1. Using label points projected 7 Å from each Cα along Cα→Cβ, tell me how many nm separate Ile267 and Asp310, to one decimal.
2. Per DSSP H run of n ≥ 4, the term is -39500 (n - 2.57); total these for the chain, divide by its residue number, and report the mean residue ellipticity at 222 nm rounded to 500 deg cm²/dmol.
3. I want to verify the translational diffusion coefficient of region 148-195 in µm²/s; compute it with Stokes-Einstein, Rh as the Kirkwood radius over Cα pairs, at 37 °C and 0.692 mPa s.
4. Rounded to the nearest whole Å², what accessible area per residue is found for region 206-308 with the 1.4 Å probe?
5. Are there any chymotrypsin sites (Phe, Trp or Tyr not before Pro) in region 495-596 that are in a DSSP loop and have at most 16 other Cβ atoms within 10 Å? List them by number.
6. Taking the convex hull of the alpha carbon atoms in region 49-167, what volume per residue do you get, in Å³?
7. Per residue, what volume in Å³ does the Cα convex hull of region 1-120 take up?
8. Specify the angular offset, from 0 to 90 degrees and rounded to the nearest 10, of the alpha carbon long axis of helix 80-90 from the longest principal axis of the alpha carbons in the chain.
Amino acid sequence: MKGKHLNNLISQHGLGVVIGAVIIYVTIFAISTLTKYYQHGYNALDLAIINQVFFTSSVGHWFASSIHPPTYLGDHFSPLILILLPFYWLYRGPQTLLILQTLTLAAAAIPIYLIAKKIVGNNWAVAFAIFWLANPFVENINMFEFSLMPFAIMAIWLAIYFFESNLFLPFLAASIVALMSREDVALVIIMFGAYAWLKKRKINWRLTPILLGLGYLALAITISGVFAASHQYKFLIYYPWLGNNIPTAITNLLTKPWLPLSYLFRINNFIFLLGLLMPLFFLPLFYLPPLIIALLIFLQLFLSTSGGGDIILQTHYVSLLLPAVFLAAIYAVSNFKKNVSPNASTTLINKHWPLAVVGLTTAVIYGSITLGPMTSLAQLNTNRNDGTNKLLAAIPPQAVVAASYKMLPALASREKLYSLNYIFLGKQQFLQTAYTLPADTEYIIIDWPDLVTYQLQYGFHPFYQDQYATALKKWPSLLNGFGLLDQTATSALFQKNHFTSEHLVEKLTALPQKMTTQNIKINDELTFRGVTQTDKKMSLFWQINKPLSKIYRLEFTFSQSAKKISQLIMPWAYDLINSESESNKIIQTNYWLGAAGFASGTYDLVATLLTIDGGGIELNGLRSAQDVIDKKTVIGPELKLGSITVE
């Protein structure tokens with residue numbers, strides 16, 4: 001009886017059911033993205049970069065960017081930003097962008113419902129709209145950084161609706177809006193022309209999208225090339241095998257058509273396809289024509305240096321594939337219902353249709369659980385406080401700041417903001433030009449684990465290794481002229497020309513008299529001499545016996561009743577010791593571990609010196625960047641530092 005009532009509800013109020021599902025989705029992901037923002041979980045640059053572009057555009061400096069200077073146009077040609085500005089003016093901050101992104105992704109369920117209703121009927125249309133909202137890749141896009149791609153998705157779905165309704169001018173208008181989000185959307189619009197050929201549409205449907213897409217792509221890439229530091233489209237770096245400029249790339253593709261094959265037929269590309277199609281029970285494989293809309297996007301991803309992989313499925317890079325994949329699935333169901341072109345597969349599915357429905361529903365749920373962020377949302381804790389907000393609050397609203405990854409979004413509603421990773425390297429993105437600390441910088445806010453992140457991100461990457469080694473030597477001088485204003489266990493705020501008696505690292509001529517002496521030999525280079533503790537500050541004393549040959553890290557382990565509660569890896573001496581000049585010195589390194597940011601209480605504290613020998617950066621369940629250490633070497637014995645009270 002309940003099933004019949006539900007069926008009647010869906011049959012009579014299909015659109016209302018979809019709108020209800022949209023509201024539920026928006027509620028869940030608006031709360032989740034805002035909580036992630038307030039926990040400083042957006043640490044992969046995009047939200048900070050684009051928010052700053054919105055902010056500078058809102059005050060009349062269109063597309064200006066100091067994170068990727070001098071203008072965002074050197075990254076992407078996205079005039080859609082100007083159209084969205086009126087919404088941003090309501091509240092000029094990253095929160096507005098996160099809400100807009102959530103609303104847009106959710107609202108796409110409505111044109112999906114309208115399209116599917118024409119093709120497979122009301123009940124299946126409701127199902128596909130809900131499948132969209134439950135799709136793990138839609139949710140990944142939502143939880144990862146901010147992007148303009150969700151707005152392209154919405155416009156593409158509208159273009160599909162108008163295409164299916166044979167409304168040419170509205171289709172053209174939706175296509176133009178989609179193009180305005182980013183230049184690579186042109187690859188989708190071009191293939192609408194090919195899809196029109198397959199559907200045997202009139203010549204205007206076949207040629208106009210191709211000409212529009214090609215013309216816009218040429219214009220956008222030319223504009224980006226004018227403003228890029230390299231004076232050409234910067235993302236060609238993902239395709240080094242094609243050549244170092246667009247004319248060479250085109251020539252190589254035309255004269256050496258075999259070149260792409262070794263990149264195209266890589267195992268990771270096939271695994272990527274399996275992951276992409278699994279949440280729709282592989283239905284798109286049963287009706288291939290709509291997939292031609294995404295053909296050039298598939299090639300764009302598969303032919304890059306890294307090819308298809310998890311990172312694409314976990315981020316906005318998957319965006320332009322989803323409309324074509326869903327449209328193919330919708331048509332596949334239509335063909336099954338009509339038993340068009342029967343074969344062994346379609347006959348089997350038609351014969352056991354209820355089982356197929358269960359399989360599809362299971363695939364949707366399983367995909368959402370295993371490939372999306374839903375199971376990680378419980379990790380969001382509104383009460384979490386690691387002291388970062390205290391440091392951020394000390395920075396005036398329009399002060400000029402250089403900041404670590406996780407602090408950038410909260411500081412991005414200002415005209416001058418610099419990213420510390422580029423300042424550390426001394427180079428802009430892809431090492432294309434110099435990026436030094438500007439003379440007008442007033443504050444530097446550092447998340448010390450970022451120095452470990454830089455080692456994993458740059459130190460083990462062949463493209464960046466040499467620059468990382470150079471940057472590490474220059475790092476201590478970057479803080480010259482800045483005084484320590486405040487600090488937490490993992491972060492510090494420096495102000496220009498600020499005098500302070502507190503220092504991160506101190507060079508001593510003798511050890512303090514009141515010290516817990518240990519005199520533990522770590523290796524030939526280092527001896528641990530002892531520890532002192534005052535309030536939240538713990539000072540560790542080291543004897544440097546000879547120039548340091550390794551990049552050392554300190555792993556702090558907090559325990560209660562012999563049970564490990566938390567671990568924290570920090571740069572030894574904050575990477576501030578010059579190995580060539582500090583031999584035969586006594587060094588005091590200060591850590592404020594009493595402000596560690598987890599549950600208050602008294603903990604037993606042990607430190608271990610180690611080196612990191614391999615690893616990289618991955619995305620966690622909340623689609624924040626996180627360090628992954630694949631290999632490390634423990635140096636010397638454990639250092640028992642006594643107990644510490646965390647408040």
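1. 1.6 nm
2. On the way: 25 runs with 290 residues, N = 647.
Helix contribution divided over all residues of the chain: -14000 deg cm²/dmol.
3. Values: Rh = 10.3 Å.
D = 319 µm²/s.
4. On the way: 5280 Å² over 103 residues.
Using a 1.4 Å probe on heavy atoms only, each residue of region 206-308 averages 51 Å².
5. Numbers: sites: Phe499, Phe528, Phe541, Trp542, Tyr552, Phe556, Phe558, Trp572, Tyr574, Tyr591, Trp592; in loops: Phe499, Trp592.
Here the sparse-neighbourhood loop sites are Phe499.
6. Working: hull volume 13.2 nm³, N = 119.
Normalising the Cα hull of region 49-167 by residue number yields 111 Å³.
7. Details: hull volume 17.7 nm³, N = 120.
That works out to 147 Å³ per residue.
8. 60 degrees
The values are calculated or read from the model by the stated rules, or taken from the named source; none is laboratory data. Everything quoted here is computed from the prediction, not taken from an experiment. Because the Cβ atoms are built from the backbone with ideal geometry, glycine has one as well, and the counts that use them run over all protein chains shown. Accessible surface areas use protein heavy atoms only, side chains included; no ligands, DNA or RNA. Shrake-Rupley method; radii C 1.70, N 1.55, O 1.52, S 1.80 Å.
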